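The values are calculated or read from the model by the stated rules, or taken from the named source; none is laboratory data. Nothing here was measured: the structure is a model prediction, and the numbers come from that model. So basically every Cβ, Gly included, is an ideal-geometry build from the backbone, and we count neighbours across all protein chains shown.
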Ligand code: NAD
Ligand code: GLY
């Protein structure tokens with residue numbers, strides 16, 4: 001299946017199984033032979049690097065590899081500059097290509113490198129986590145973290161193609177599957193349709209996953225085509241993220257992004273119901289989903305601790321912050337709220 005996104009670049013998202021072996025021919029239809037750097041991590045490359053490397057070689061590309069240590073700790077300025085220097089040492093030019101093979105960390109980092117090396121070279125996203133398939137590989141947000149907070153440096157920069165091989169989910173650990181479902185529950189709350197019933201019925205790598213991935217991507221495509229640079233509508237995709245980013249940072253990034261998003265959904269729903277906005281039946285439905293996917297964490301950060309981090313959030317404007325307030329499944333609204341009032 002192919003879904004086309006028409007943003008500042010028009011590009012295809014190909015979804016299927018066993019696509020890695022033909023990645024070289026696939027890309028050849030977009031770019032003639034050039035230098036290609038596969039950026040991947042030290043868990044994903046041993047699993048899927050060889051098949052991608054060989055396919056690109058067969059298609060006539062000159063291929064090199066840059067492997068990062070897995071995990072959020074690599075999404076930083078050091079790794080960013082190491083990759084830039086590696087590309088320069090390999091004589092990469094403006095018409096060369098980066099292939100990001102891995103989860104959201106690899107995609108965000110490699111995308112940011114691609115958007116800045118020689119003022120921008122092409123890149124292809126090959127997401128291998130559920131989270132990256134349904135969210136981070138689509139829509140062109142690239143970023144790295146600073147010690148002060150998450151995703152504080154980045155660009156909007158669309159890939160030239162996204163290749164989603166659902167077969168790679170076979171090796172994804174359950175904890176990472178659960179992590180993807182944190183963003184999945186977010187989409188279910190934003191949409192209230194078939195997606196919500198799929199998430200309620202259960203998504204595993206053998207059940208419902210194809211349709212689940214497709215529906216999330218179709219929703220994201222709609223949002224990105226309407227508001228690529230997040231001037232308004234795209235803010236909806238940040239549902240649960242204000243608290244999620246604070247929780248990730250306070251945990252020293254030991255709580256993964258998707259699980260933190262699920263906690264963020266819980267906190268913003270608690271606030272919304274206290275303010276008389278969220279319907280009780282929607283609140284109960286969310287709790288059921290959080291239970292179903294076992295989205296509870298042991299750490300309990302105080303609102304004051306989170307407030308300190310939230311003040312540094314990109315979405316903060318002085319004393320105010322734009323939050324996405326849930327009223328019902330399928331009815332979430334962007335509201336500008338005083339940060340102090342969130343805590344009250
Ligand atoms: P990740 O990239 O760290 O991957 C999670 C773990 O799974 C890693 O250890 C990785 O090695 C492993 N892994 C990946 N694919 C595998 C596979 N097929 N089999 C076995 N192991 C595999 O994390 P993630 O959850 O994919 O992404 C989180 C990141 O995405 C965060 O930095 C977050 O900020 C970012 N994000 C970005 C956007 C965006 O729009 N750009 C949206 C959501 C999240
Ligand atoms: N993950 C939020 C966005 O892409 O806008």
Taking interchain pairs and intrachain pairs at least six residues apart, which have beta carbon atoms under 8 angstrom, with the first residue in region 303-325 and free of Cβ contacts under 8 Å to residues at least 24 places away in the same chain and the second part of a helix (DSSP H, G or I)? 316/310; 316/339; 319/339; 319/340; 320/339
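One line per residue, one yes/no per condition, for (1) farther than 30 Å from residue 153 by Cβ; (2) modelled with pLDDT under 90; (3) not in a loop (DSSP other than H, G, I, E, B):
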{"residue": "246", "(1), (2), (3)": "no, no, yes"}
{"residue": "269", "(1), (2), (3)": "yes, no, yes"}
{"residue": "288", "(1), (2), (3)": "yes, no, yes"}
{"residue": "298", "(1), (2), (3)": "yes, yes, no"}
For region 1-24, enumerate the residues that are surrounded by 13 or more Cβ atoms within 10 Å (Cβ to Cβ), over 17 Å from residue 171 (Cα atoms) and without any contact (Cβ under 8 Å) to a residue 60 or more places away in the chain. 22, 24
Inside region 129-150, can you point out the residues that are more than 8 Å from ligand 1 (Cβ to nearest atom) and part of a strand (DSSP E or B)? 144, 146, 149
Of (1) at pLDDT 95 or above; (2) touching a helix residue (DSSP H, G or I) at 6+ places or on another chain (Cβ under 9 Å); (3) closer than 30 Å to residue 310 by Cα, residue 78 satisfies all except one. Which? (2)
Can you name every residue in region 151-188 that is modelled with pLDDT under 95, more than 18 Å from residue 211 (Cβ to Cβ), more than 9 Å from ligand 1 (Cβ to nearest atom) and crowded, with 18+ Cβ neighbours inside 10 Å? 178
Does region 189-206 hold any residues that are away from ligand 1 (no atom under 15 Å from the Cβ) and closer than 19 Å to residue 291 by Cα, and which are they? 189, 192, 195, 196, 197, 198, 199, 200, 201, 202, 203
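Look through 244, 143 and report the one residue that is within 12 Å of ligand 2 (Cβ to nearest atom), in contact with a strand residue (DSSP E or B) (Cβ under 7 Å, 6 or more places away or on another chain) and closer than 29 Å to residue 321 by Cβ. So that I can check it myself, show each step before the final result.
Working: 244 fails: in contact with a strand residue (DSSP E or B) (Cβ under 7 Å, 6 or more places away or on another chain).
Criteria check complete, one pass: 143.
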From the options 44, 63, residue that is within 20 Å of the chain's Cα centre (by Cα) and away from ligand 2 (no atom under 16 Å from the Cβ): 44
Starting from region 185-202, take each residue that is without any contact (Cβ under 8 Å) to a residue 40 or more places away in the chain and list its partners that are surrounded by fewer than 24 Cβ atoms within 10 Å (Cβ to Cβ) and assigned to a helix (DSSP H, G or I), counting only C-beta distances under 8 angstrom and pairs at least six apart or across chains. 194/211; 194/215; 195/187; 195/215; 195/219; 198/211; 198/215
For region 81-93, check the following and say yes or no: at least one residue is surrounded by 16 or more Cβ atoms within 10 Å (Cβ to Cβ) and at positive phi. no
